[in-house]
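Asker: Questions regarding the structure given below will be posed in turn.
The values are calculated or read from the model by the stated rules, or taken from the named source; none is laboratory data. The structure displayed is predicted, hence computed values, not measured ones. For neighbour counting, all protein chains shown are included, and Cβ atoms are generated from backbone atoms with ideal geometry for every residue, glycine included. In case anyone asks, the SASA skips ligands and DNA or RNA and just uses the protein heavy atoms, side chains included. Shrake-Rupley method; radii C 1.70, N 1.55, O 1.52, S 1.80 Å.
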Amino acid sequence: MSHIQLKRNKNIIIDNTLKRHGIIICALCEHPINLQTNHKKLKFSLDHILPKSLGGHDCLKNLRLAHSICNQWVGGSLGHR
């Protein structure tokens, strides 16, 4: 999947989450994500539900929002999914 398509998927996930909940919650720690932060560890990232290292894809069904630090902590494992 191209970088442009992945960015488009990220925007779709953000829009859908905001429409449903009015707030974005980290899928891993369940704390709010501030989209405006400049703090590297608290920025958001796309988490793959099934990690790419285990055959996961960049499709919308396999992506969710998480803090960068939470996503790094889980890494390529299936833990806390």
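Asker: Which one is least open to solvent (accessible area, probe 1.4 Å) among residues in the stretch 15-26 that are modelled with pLDDT under 80 and part of a helix (DSSP H, G or I)?
Answerer: Once the filter is applied, the top-ranked residue is 17.
Asker: Same structure again: Every residue in the stretch 27-70 that is open to solvent by 20 Å² or more (accessible area, probe 1.4 Å), in a loop (DSSP other than H, G, I, E, B) and in contact (Cβ under 8 Å) with a residue 12 or more places away in the chain, please.
Answerer: Result: 27, 29, 31, 35, 43, 49, 50, 57, 59.
Asker: Please specify each residue of the stretch 42-64 satisfying the condition of being within 20 Å of residue 32 (Cα to Cα) and among the acidic types (Asp, Glu).
Answerer: Once the filter is applied, which keeps residues that are within 20 Å of residue 32 (Cα to Cα) and among the acidic types (Asp, Glu), the stretch 42-64 yields only 47.
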